[in-house]
């Protein structure tokens, strides 16, 4: 089972009050397939009608949908059967994992689009506006974690402070780069440029510098054969 299906399995075995709380933490944008979207919709329909969510009620809702497929029943049964193997104490962690996976997918897609648009950006202000608009595309409803928009605004604020010399990020061997970008420990950072512009050289030299400063570093690349 993937993380989304683990969420569904735990919702199926919870009581009605807990089911409402659990589904409120989940965002429809996290759904990976049409099956996931339909199950998410069916669960919400059950709860809107104050009906207990279980295999029978969800399957009944699914069968009324135009997108229903016969394989849905067996998939839903597998999710319910596997609920006994999923630790219900980890539900909130699964929520965070689903959100992280969603953001990673969207960030990868946005990185490609930003790279295509970068050639038409002439000022730092335009670049900042482009990033802010990109962040809005991956915003999610507030749950137990800080929203992406708040995180992005805080990052941009810290970058402004770094340019003013008020704060400093990770020590880098590139003074000019540091005046423009504040490099901080984050979950994911995307570095994009045209071929043969020095991406790998930049990453390797930065990693070496960070290792000398006491940070733990791991480098791997698809080009490596070992």
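State whether one or more residues within region 71-80 are surrounded by 13 or more Cβ atoms within 10 Å (Cβ to Cβ) and under 17 Å from the mean Cα position of the chain (by Cα). No, that holds for no residue. Filtered by the rule that a residue be surrounded by 17 or more Cβ atoms within 10 Å (Cβ to Cβ), under 29 Å from the mean Cα position of the chain (by Cα) and part of a helix (DSSP H, G or I), region 45-58 gives 45, 46, 47, 58. Screening residue 19 against (1) outside any helix (DSSP H, G or I); (2) in contact with a helix residue (DSSP H, G or I) (Cβ under 8 Å, 6 or more places away or on another chain); (3) over 30 Å from residue 189 (Cβ atoms) leaves a single unmet condition, (1). Of everything in region 22-52, what is at pLDDT below 90, closer than 18 Å to residue 95 by Cβ and touching a helix residue (DSSP H, G or I) at 6+ places or on another chain (Cβ under 7 Å)? Give them in sequence order. Correct list: 22, 23, 25, 26, 28, 29, 30, 31, 32.
Consider region 78-90 and keep the residues that are more than 13 Å from residue 5 (Cβ to Cβ) and part of a helix (DSSP H, G or I). The one that is modelled with the highest pLDDT is 90. In contact (Cβ under 8 Å) with a residue 60 or more places away in the chain and surrounded by fewer than 18 Cβ atoms within 10 Å (Cβ to Cβ): does that describe residue 29? For residue 29, the condition - in contact (Cβ under 8 Å) with a residue 60 or more places away in the chain and surrounded by fewer than 18 Cβ atoms within 10 Å (Cβ to Cβ) - is met.
The values are calculated or read from the model by the stated rules, or taken from the named source; none is laboratory data. This one's a predicted model, so the numbers in the text were calculated from it and none came from an experiment. Positions of Cβ are generated from backbone atoms using ideal geometry, with glycine treated the same way; all protein chains shown enter the neighbour counts.
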